[in-house]
Each structure stands twice: as C-alpha cells, then as structure tokens.
Amino acid sequence: METSCHSPRQYPPKPGNAYLFATCLVDQFAPEAGLDTVRLLEREGIVVHFPPDQTCCGQPAYTSGYPDEARAVARRQLDLFPEPWPVVVPSGSCAAMMRHHYPKLFADDAALLAKARELSQRVFELTEFLVHVAGFKHSDSGQPCTIALHTSCHARREMGSHETSATLLAGLAKVRVEQQARSEECCGFGGTFSIREPDISAAIVSDKVDSLCATGAERVVSADCGCLFNILGRAAKLDQIAGRKTPTLPGEHIASFLWRRTSGKQA
Amino acid sequence: MSQMAMPDPASAFRQRSRSAVDDSAQRQNFRSAMDYLQAKRRTQFPDEQELVGLRDLGEAIRRYSLANLPRLLEQLEQNLTANGIRVHWAENAEEANAIALAIARRVEARRIVKGKSMVSEEIGFNHAMQAAGIEALESDMGEYIVQLAGETPSHIIMPAIHKTKQAIAALFVEKIPGVEYTEDVDALIQIGRRVLRRKFAEADIGLSGVNFAVAETGTLCLVENEGNGRMCTTVPRVHIAVTGIEKVVEKLEHVPPLFSLLTRSATGQAVTTYLNLISHPRQPGEKDGPEEVHLILIDNGRSQAYADAQLRTTLQCIRCGACMNHCPVYARIGGHAYGTTYPGPIGAIVSPHMLGLAATYPLAFASTLCHACVEVCPVRIPITDLLIRLRNEAQAQPGTVNASLRGSGAARTALVSAIWNAWALIYSRLGLYCLTSWFMSRGRALSPIEQGAWTRSRTPLTPAPRRLRDLLKDRRP
C-alpha cells in the first residue's frame with residue numbers, strides 16, 4: 001500500500017532525535033528559516049541531525065518530466081537517514097515528494113522501493129510535526145500584528161498540513177490571521193511551470209498578491225519557500241514598478257515567524 | 001529547425017494563452033463563472049463522509065467497467081441489437097462521420113438537429129455533415145449560441161461560458177431575423193427556443209451523445225437540462241447516438257451513483273431536469289419515438305489509453321467538468337486557449353490519445369500540479385500523476401521504455417535534456433553541489449538581475465550570503 005493522502009495519519013510520540021531535511025531552497029536562499037526550524041525543534045528537547053550530504057528531494061526533475069534525473073538525485077537522499085528517527089521537512093511540497101512520490105519513483109526497483117517506503121513513513125512537514133509530534137505549546141511574546149497565511153497546494157492537498165499551520169498561528173494570542181479570498185487556490189508557482197508558462201503563472205500570482213493585499217495583513221507567512229518566493233517576488237516587482245520604497249507585502253517562512261513570536265528574542 | 005512558418009505547438013499554446021490572459025473582460029467572465037460553479041458544487045456535498053462513500057462507489061464502478069471493457073462492449077452490442085438499436089463501431093473520427101453520413105444518405109436526410117454531445121465535437125461532426133450538404137443544427141442553448149457565432153465550446157458542460165449576455169444579445173440581433181436587442185436572459189432563451197422548436201419538427205435525424213451505456217439492459221442514458229435532448233431523441237424519425245467506447249457500465253444500478261456524482265460535480269444540481277433512458281426505437285402501437293435508433297461507438301485513440309494500466313484511469317472520466325471548474329490555469333486562460341475539443345485538466349490527459357502527443361504535449365505542462373482537480377474529481381482520476389506521466393512521455397528518448405505513446409519524445413530537446421542532466425549531476429554529487437552552491441552564495445552580488453521568464457513578473461532570486469550548511473557548522477561546537 002502506498003501512503004494515502006486521505007486516511008488520517010498515526011503520529012509517533014515525541015522523539016529524542018530527529019533528522020532535518022532542509023530542502024535546497026532553504027539551504028541556498030532561506031537559511032534563516034532552516035536555522036529557526038532547528039531552534040524550534042531543539043526547544044522541544046529534540047536533538048536535530050542535519051545530514052550534510054543532503055541536496056534536493058528531486059521534485060524539480062520529477063515534475064518536469066525527467067524521471068531518471070529525479071531518481072538519480074532522490075536516490076542519494078534515501079541513504080541519508082539510517083536511524084529510525086523522524087525526518088522533518090520545512091516544506092509541504094518537498095515533504096509530499098518524499099512521502100507520497102518516492103514510492104512511485106522507485107516502483108521498479110524492489111530494494112530502493114523498500115527503502116523509499118520505509119522513509120516515507122517517517123517524513124513529516126514541519127508544522128505537522130510541531131503540532132502532532134512535538135506538542136508545540138509556547139506563548140506569544142510579540143506585539144499585536146495581523147498576518148495572512150498562504151498554504152501551498154501540496155501542504156493542503158497531499159500533507160494536510162494547511163491545518164497545522166493554521167493551528168500554530170491560532171495559538172499566538174496577539175496575532176490576527178486575516179482570511180484572503182480563495183485561500184485554497186494555487187499561487188501559480190508550480191516549480192518549472194513558473195518559467196515554462198510565465199504568462200499564466202504571472203496571472204495567477206498577481207491575483208494571489210491582490211487577495212493577500214486586500215486583507216490588509218502586515219505580512220504573509222507560509223511553510224513553503226517556493227510559494228513564498230513567488231508571491232514575495234511578484235509583490236516586490238509591483239512595488240518596484242510603482243516606485244514604492246517600503247514593501248507592500250513582506251513575508252517570511254512560518255518557522256521564522258513562530259520563532260520570533262515565541263522565543264522572546266524580538267517583537 | 002523547420003523552415004516553415006508554422007509555430008511549434010508550445011509557442012502556439014503560449015501565444016493563445018497570452019492573449020487569453022491579456023483579455024481582462026474574458027478573464028473576469030471565467031473567474032465569476034468558476035467561483036459560481038465551485039460554490040454550487042460545495043452546496044451539493046455538505047457531508048464529507050457521504051462524498052467519500054459516493055466517490056468510492058463511483059471510482060469502483062468505473063474501474064470495474066474498464067477492467068471488463070471488452071466483455072461489456074460485446075454484451076452492450078448484443079442487448080442493444082436485441083432491443084432493435086443498431087450498433088456501429090468506428091475506429092476514428094472519419095469512420096464515425098462516414099457511418100453517420102451513410103445513414104443520413106439512406107434515409108435521405110437534409111436536416112439533423114443535435115443534442116449536446118462533446119464526442120460529436122471531437123469528431124468534427126457538424127463540419128462533416130455540412131461538407132456533405134446536410135444541415136447540422138445545435139439545439140442545446142449554449143451549443144446553439146456557439147454555433148451561431150462560428151465558435152467552438154469553451155467548456156464541456158457550459159459551452160458558451162466565455163460569452164457575456166451582451167455578446168449573446170448582439171449575436172442574436174445579427175444572426176436571427178427580426179430580433180430586438182435585449183439583455184434579459186429569459187427573453188434571450190425564449191428567442192432561441194422559438195427558433196429551435198420549429199427545427200425539431202423539421203429535422204430528419206436527431207443526434208445525441210450518451211452519458212452511460214448499460215450493457216446488461218441495452219440502455220442509453222442521456223443527462224440533460226433543457227429537454228432538447230428528449231426532443232432530439234424522440235421527434236425526428238431517426239436517432240443517432242454517438243459515444244466513446246469507455247462509456248459503458250454493466251448494470252442499470254451502476255447508473256444512479258454516477259448520475260448523482262455527475263450532476264452534483266458538474267453544475268451543482270442534485271438532479272438534472274431530464275434523465276433519458278433510451279432502450280429501443282418506436283414499438284408497434286407507440287405514438288412517438290424514432291423509427292430507427294443507431295449507436296456509433298467510437299475509439300478515436302481511447303484504446304491507446306486503455307492499453308496502459310496507468311493511462312487507463314483517464315477513461316474513468318464521466319465528463320463532469322469539475323476539474324476545469326477548479327483549475328487555476330483554466331480560470332485564467334479559458335477553454336479556447338487549449339486548442340482542443342476537451343480543455344482543462346481532462347483535456348490535457350485525454351487529448352494526447354486522440355490527437356497524438358506531438359500536437360498536444362503543451363497541455364500536459366499547462367498545470368501547476370496543484371491537485372485541485374484531483375481533489376474534486378468524482379471518480380478519483382489521478383490527474384496530476386497522469387500529467388507527470390505525459391510530461392515524461394513527451395520528453396522521452398525515442399526507443400526507450402519511457403516512450404510508449406503516439407508522439408512520445410516530441411517535446412524532447414537537446415538543450416533541456418542537457419540542463420536536466422547537468423542538474424542531476426550536480427544534485428546527486430555532494431562535492432559538485434557544495435561547490436556550485438558555495439559559488440552561488442559567494443558570488444551573490446553577481447547574481448543576474450535578469451533571470452529569464454522569472455523576472456518578467458518578479459524580482460530576481462538572490463542566494464543568501466551563507467548557506468544553511470555553513471550556518472549550522474558555525475553553530476555547532
């Protein structure tokens with residue numbers, strides 16, 4: 001049986017150790033989000049292991065129609081997590097790739113398939129892990145603010161972790177989460193779709209920026225860097241065109257937002 | 001490179017989708033129509049558990065039908081024949097049209113009135129009839145409008161969804177003699193109905209599609225709202241039904257769950273106004289009904305999908321259109337930009353079998369893989385997995401195991417293959433990855449301002465000064 005996107009998941013008790021699969025986008029473009037993920041997990045008393053050989057889950061090639069190339073990269077990641085610890089991924093999309101698509105990718109190789117299946121059982125999206133495994137309970141020490149939450153399509157429709165993102169934000173007493181129109185709609189990123197079909201992608205992300213801005217929220221948070229870069233990049237481009245110096249729609253990864261609000265470090 | 005000025009399918013698709021995206025009035029039309037249809041569907045499925053159960057049943061029925069397709073088709077033919085309905089088999093569009101034309105010539109038909117049928121669109125039925133000097137008139141209101149305008153349907157359930165009432169009002173004034181301009185939708189419908197009412201009486205042949213063909217009883221089920229389907233299948237002296245070979249189900253009891261999923265998913269209706277069950281031509285002593293009923297069963301590429309266990313799931317489709325109603329791409333570009341009879345996610349997965357991948361591969365890439373279609377598909381077609389499969393096929397090296405379809409490899413280019421090769425090399429070898437990403441971080445000031453298509457609508461992506469792996473190294477004692 002493949003892992004199902006529909007049946008409710010059984011969660012293990014809080015472990016003493018966990019692996020971090022940070023994703024290539026976080027490693028290269030948003031390392032702070034990775035660091036904040038480590039901080040959030042360590043605060044729960046979990047020792048975080050970052051296998052230094054990790055690169056990318058392979059999704060870019062997998063969804064672009066290059067399965068052999070996707071396999072070559074994904075297969076390297078299969079060997080990185082020998083201990084039976086949970087693998088925490090600060091991205092719904094990359095987590096879904098490892099949890100739901102690795103078994104499909106390695107379907108033709110019994111040994112790798114067994115490995116992929118075993119791994120897929122212990123891959124968790126960060127907010128899912130914080131809520132259901134780590135039992136995240138920390139109080140908000142920040143100033144009152146309003147935000148909007150964008151949940152990636154793979155978080156929502158493959159991991160179900162849109163709900164855990166919302167749960168974590170709802171637990172922050174001074175944060176008001178504004179609801180945008182069509183919150184369930186895609187932001188138009190779609191990996192290489194954004195460069196393969198730039199006009200359609202631009203149309204979708206422009207509408208997304210409009211609905212986020214219409215909420216009046218001070219910032220947008222998301223558990224997925226792909227969507228976040230797409231949305232923030234579009235918003236910044238619109239600011240640039242209009243000659244605005246301060247960003248209309250700033251944003252950050254939910255790990256950074258949660259850490260800032262609950263660590264007492266800053267507002 | 002070709003010397004011809006013909007644009008390749010990918011550029012042609014991009015051109016069409018660009019014009020669609022730039023047409024803000026039409027985009028607004030589609031947006032509000034999609035919002036409306038999504039909301040209507042939601043009201044039909046208030047109980048999540050009931051929906052899960054019904055989808056389980058619908059998926060099981062369709063999978064069962066496909067698993068037994070050859071047997072069920074034979075059984076269908078036997079029982080239809082026993083009921084007096086003549087069955088014809090067509091390999092492709094040309095054969096299907098030739099069969100219909102032969103019937104029309106034999107009964108000396110001059111006019112055909114049509115109920116809504118996407119299969120008739122798929123085979124270019126109207127053109128084939130017109131070329132032979134036979135009038136083929138659409139009687140579904142949306143189809144009638146589209147035909148009057150010389151267009152094609154932009155949606156499989158709501159063919160004229162791209163048109164505003166103002167555009168329809170102007171069209172009626174231009175094309176129908178003696179019509180006054182009105183934007184009153186009810187009045188517009190009355191105008192259309194007046195024209196059509198006469199046509200039903202004058203037609204020699206009524207053409208319809210089929211939603212479900214029941215093998216055990218030899219019954220053709222036709223789902224509709226306007227009553228024009230019933231008129232087409234009862235008033236003219238000959239009724240020709242056209243459908244794809246995948247529409248068969250075994251038992252009559254398989255119809256209600258599929259019917260319920262269809263109407264609730266498509267238009268958010270608990271039931272449609274009409275559900276026609278057609279089992280035979282006019283019987284002795286009956287006062288109405290056609291003297292002849294024909295069914296043309298069309299393959300047109302479906303057996304290519306059928307032959308592959310994964311691609312076979314494409315044929316589970318009951319043509320509700322929910323996938324397009326929920327697709328962020330369809331909502332932005334509308335149906336015509338796809339350039340195929342079936343648009344949206346279902347169009348992207350079914351058209352390659354009908355027209356070949358060489359002509360249709362851009363559609364497989366016209367998706368963000370957001371899974372909205374998968375979430376609403378009433379019979380659980382794994383649409384995104386099929387899109388990925390078609391992307392693989394489109395770029396497969398000819399002659400390899402990955403290339404198994406008509407047109408496989410058509411989208412493969414040396415440049416893109418080389419890029420993914422290099423990508424795989426870098427990301428599967430840690431040393432190379434570390435070197436590349438280290439250079440990207442150190443050289444971030446040199447990051448290009450122009451990053452191709454990305455920066456046309458977004459600011460450039462800039463690597464962080466230090467990678468996470470560097471920050472973590474510093475942090476640890």
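The values are calculated or read from the model by the stated rules, or taken from the named source; none is laboratory data. In this text, all values refer to a predicted model and were calculated from it rather than measured experimentally. Neighbour counts run over all protein chains shown; Cβ positions are idealised from the backbone, glycine included. Note: accessible area is taken over every heavy atom of the protein model, side chains too, but ligands, DNA and RNA are not part of it. Shrake-Rupley method; radii C 1.70, N 1.55, O 1.52, S 1.80 Å.
If you count, for every residue in B:359-368, the Cβ atoms of partner chains within 10 Å of its Cβ, what is the mean? Write out the running numbers ahead of the final one.
On the way: counts 0, 0, 1, 2, 0, 1, 8, 5, 6, 14.
The shielding value for this peptide is 4.
What's the average, rounded to a whole number, of partner chain beta-carbon atoms within 10 Å of each residue's beta-carbon in B:426-433? Please report the intermediate quantities before stating the final value.
Working: counts 3, 14, 11, 5, 5, 0, 1, 9.
Whole-number average of other-chain Cβ neighbours for B:426-433 is 6.
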**Message:** Please report the carbon-and-sulfur percent of the accessible area for region B:414-475; probe 1.4 Å, protein heavy atoms only, DNA, RNA and ligands left out.
**Reply:** 68
**Prompt:** Within chain B, which cysteines find no other Cys whose Cβ is under 4.7 angstrom from their own?
**Reply:** B:C221, B:C232, B:C317, B:C320, B:C327, B:C377, B:C434
**Complete:** Expressed as a percent, the portion of alpha-carbon pairs in region B:69-303 spaced more than 27 Å apart is 33
**Asked** Based on the Cβ-Cβ distance of B:S303 and B:V401, what FRET efficiency does E = 1/(1 + (r/R0)^6) give at R0 = 30 Å, to the nearest 0.05?
**Response** 0.90
**Asked** Once you list every other residue whose beta carbon is under 15 Å from the beta carbon of B:R62, what net charge do they have if Lys and Arg are +1 and Asp and Glu are -1?
**Response** +3
**Fill in**
For region A:84-92, Karplus-derived ³J(HN,Hα) couplings (6.51, -1.76, 1.60; θ = phi - 60°; whole Hz; x for glycine and proline) come out as x, 7, x, 10, 9, 10, x, 6, x
**Asked** When the Cα centres of region B:197-263 and region B:275-298 are compared, how far apart do they sit, in Å?
**Response** 10
**Prompt:** Which of the residue pairs A:K174/A:K237; A:K174/B:K40; B:K114/B:K287; B:K114/B:K175; B:K116/B:K175; A:K14/A:K115 have a Cα-Cα distance greater than 26 Å in the structure shown?
**Reply:** A:K174/A:K237; A:K174/B:K40
**Span from the region B:389-427 Cα centroid across to the region A:221-250 one, whole angstrom** = 34
**Request:** Quick one: give the max-minus-min coordinate of the C-alpha atoms of region A:17-132 along each principal axis, largest first, in Å.
**Result:** 41, 29, 24
**Asked** Could you state the number of Å between the C-alpha centres of region B:70-96 and region A:40-79?
**Response** 52
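To the nearest 100 Å², how much accessible surface do chains A and B cover up together, summed over both, with a 1.4 Å probe?
6000
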**Prompt:** How much area per residue is accessible in region A:17-132 when the probe is 1.4 Å and only protein heavy atoms are counted (Å²)?
**Reply:** 29
**Message:** At a threshold of 8 angstrom on Cα-Cα distance, excluding pairs fewer than six apart, so keeping six or more, what relative contact order does region A:17-132 reach in percent?
**Reply:** 28
**Asked** Among the aspartates and glutamates, which have Cα under 15 Å from the Cα of A:K137 when same-chain residues fewer than 8 positions away are ignored?
**Response** A:E42, A:E44, A:E128
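What is the sum of charges around B:P460, taking Lys and Arg as +1, Asp and Glu as -1, for the other residues whose C-beta is under 15 Å from the C-beta of B:P460? Kindly include the intermediate steps, with their values, before the conclusion.
Working: positive: A:R234, A:K237, B:R444, B:R456, B:R458; negative: A:D239, B:E450.
Combined, the nearby Lys, Arg, Asp and Glu give +3.
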**Asked** Counting pairs of alpha carbon atoms under 8 Å apart in space and at least six apart in sequence, what relative contact order in percent does region A:109-241 give?
**Response** 28
**Prompt:** To the nearest 10 degrees, how steeply does helix B:48-67 sit against the main Cα axis of chain B, on a 0 to 90 scale?
**Reply:** 80
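Under a Cβ-Cβ cut-off of 15 Å, what is the net charge of the residues other than A:Y66 that fall near it, where Lys and Arg count +1 and Asp and Glu count -1?
Net local charge, A:Y66 excluded: +4.
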**Asked** Carbon and sulfur together cover what percent of the accessible area of region A:17-132 at a 1.4 Å probe radius?
**Response** 52
**Asked** Relative contact order for region B:324-447: what is it in percent, counting Cα pairs under 8 Å that are at least 6 residues apart?
**Response** 19
**Message:** Can you list residues from other chains, or at least 5 along the same chain, whose modelled amide H is less than 5 Å from the amide H of B:V248?
**Reply:** B:A213
**Request:** Order the peptides A:233-245, A:130-142, A:68-80, A:21-33 from the highest to the lowest mean number of other Cβ atoms within 10 Å of their residues.
**Result:** A:21-33, A:68-80, A:130-142, A:233-245
**Request:** Per residue of A:18-24, count partner chain C-beta atoms within 10 Å of its C-beta, then hand back the mean as an integer.
**Result:** 2
**Asked** Can you work out ³J(HN,Hα) from phi for every residue in region B:249-258, in order, using Karplus 6.51 cos²θ - 1.76 cosθ + 1.60 and θ = phi - 60°, giving whole Hz and x for Gly and Pro?
**Response** 10, 6, 10, 4, 5, 7, 6, x, x, 5
